[in-house]
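Working notes, structure below.
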Amino acid sequence: MIRLTGEEIKMSVLKTLKLSAAAPVASANDPLSRAREKLLGQLAEQKEMVGATLEGRLYEPLKVAAVRKNAAGERVRVEVARRVRKGWFQDQASTVHFIMRVGGKPLELQPGKAAISIGSLDKLPGTIDALITAVRAGELDPQIKEAAAARGLMMAERRKKAA
């Protein structure tokens, strides 16, 4: 009977594994890519919301609000409905318009023009798909960069006042 030491067992296990020098890709930390990813998430959420509206159901995404104690005194997570701002509106002529927001403010696609005229609500999911494609292709990067920079300046001013 052959006895293996702990060191020999470790080495034999390591020899059976396929090792590599791969490392996880770090997420981008620049303001433009962060703002772009947030905008893509918001557009996807708006698409889900308009789909729910067209189907006649209420759209209520959930979030973990807090950790509270239940009747037994145990700590439990409580999920509540998260408020989502509707990105579309109707004017007096009942034409549907859509506005994308970056940092809570409307994203101007051209100077003085932030709204996209859609026509009717049933055309909005297709328009949102087109906007998602445009954001991924980088077509809106100058506008997103400008809005993200303005948001950064505003937040810096708030931090100054708080300090």
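The values are calculated or read from the model by the stated rules, or taken from the named source; none is laboratory data. Owing to the predicted nature of the structure, the values given are computational and were not obtained by experimental measurement. Cβ sites come from the backbone with ideal geometry, for glycine too, and all protein chains shown count toward neighbours. Just so you know, the surface numbers come from the protein's heavy atoms only, side chains and all, with ligands and any DNA or RNA stripped out. Shrake-Rupley method; radii C 1.70, N 1.55, O 1.52, S 1.80 Å.
If the cut-off is 24 Å between C-alpha atoms, which lysines fall inside it for LYS38, apart from same-chain ones fewer than 8 positions away?
LYS47, LYS63, LYS86, LYS105, LYS113, LYS123, LYS145
Between the helical axis of 124-137 and the dominant principal axis of the chain, each derived from Cα atoms, what acute angle in degrees is found, rounded to the nearest 10?
In the chain, helix 124-137 runs at an angle near 60 degrees to the longest axis.
Can you work out the FRET efficiency for the pair ALA156 and LEU19, with r the C-beta to C-beta distance and R0 = 35 Å, to the nearest 0.05?
0.15
How many nm separate the modelled label positions at LYS105 and LYS86, each set 7 Å beyond the Cα in the direction of the Cβ?
Using points 7 Å along Cα→Cβ, the separation is 2.5 nm.
With point charges of +1 on the Cβ of Lys and Arg and -1 on the Cβ of Asp and Glu, referenced to the Cα centre of the range 1-160, which listed residue (ALA93, ALA149, LEU43) lies farthest in the positive direction of the dipole?
Working it through, the farthest residue towards the positive pole turns out to be ALA149.
Any idea what the dipole of the chain comes to, in debye rounded to 20, about its Cα centre with Lys/Arg Cβ at +1 and Asp/Glu Cβ at -1?
With only Lys, Arg, Asp and Glu charged at Cβ, the dipole is about 820 debye.
Leaving out ligands, DNA and RNA, and with a 1.4 Å probe, what % of the accessible surface on the chain is carbon or sulfur?
Carbon and sulfur together cover 54 percent of it.
Based on the Cα atoms of the chain, what semi-axes does the equivalent ellipsoid have, where each is the square root of 5 times one gyration tensor eigenvalue, given in whole Å with the largest first?
Values for the chain, descending: 44, 25, 21 Å.
Let me have the 222 nm mean residue ellipticity of the chain computed from DSSP H runs of 4+ only, each contributing -39500 (n - 2.57), with the sum over all residues rounded to the nearest 500.
The helix-only estimate for the chain comes to -15000 deg cm²/dmol at 222 nm.
For HIS97 and ASP129, what is the calculated FRET efficiency with R₀ set at 22 Å and r taken between the beta-carbons, to the nearest 0.05? Could the numbers behind the result be given before it?
Details: r = 17 Å, r/R0 = 0.78.
So the FRET efficiency works out to roughly 0.80.
Would you mind calculating the gained length between LEU40 and LYS113 on full extension (0.36 nm times residue separation, minus the Cα-Cα distance), in nm to one decimal?
Extra length available between LEU40 and LYS113 comes to 24.3 nm.
If you roll a 1.4 Å probe over the heavy atoms of the protein chains, what accessible area per residue do you get for the range 33-147, in Å²?
65 Å²
Could you compute how much accessible surface ARG151 exposes when probed at 1.4 Å, giving the result in Å² to the nearest 10?
For ARG151, solvent-accessible area is about 100 Å².
Given a 1.4 Å probe and heavy atoms of the protein chains only, how would you sort THR127, THR53, largest accessible area at the top?
From most exposed to least exposed: THR53, THR127.
Please turn the phi angles of the range 103-109 into ³J(HN,Hα) values with the Karplus equation 6.51 cos²θ - 1.76 cosθ + 1.60 (θ = phi - 60°), one per residue in order, whole Hz, x for glycine and proline.
x, x, 10, x, 8, 6, 7
Expressed as an acute angle from 0 to 90° and rounded to the nearest 10, what is the orientation of the C-alpha long axis of helix 31-55 relative to the principal long axis of the chain?
Around 70 degrees separate the two axes.
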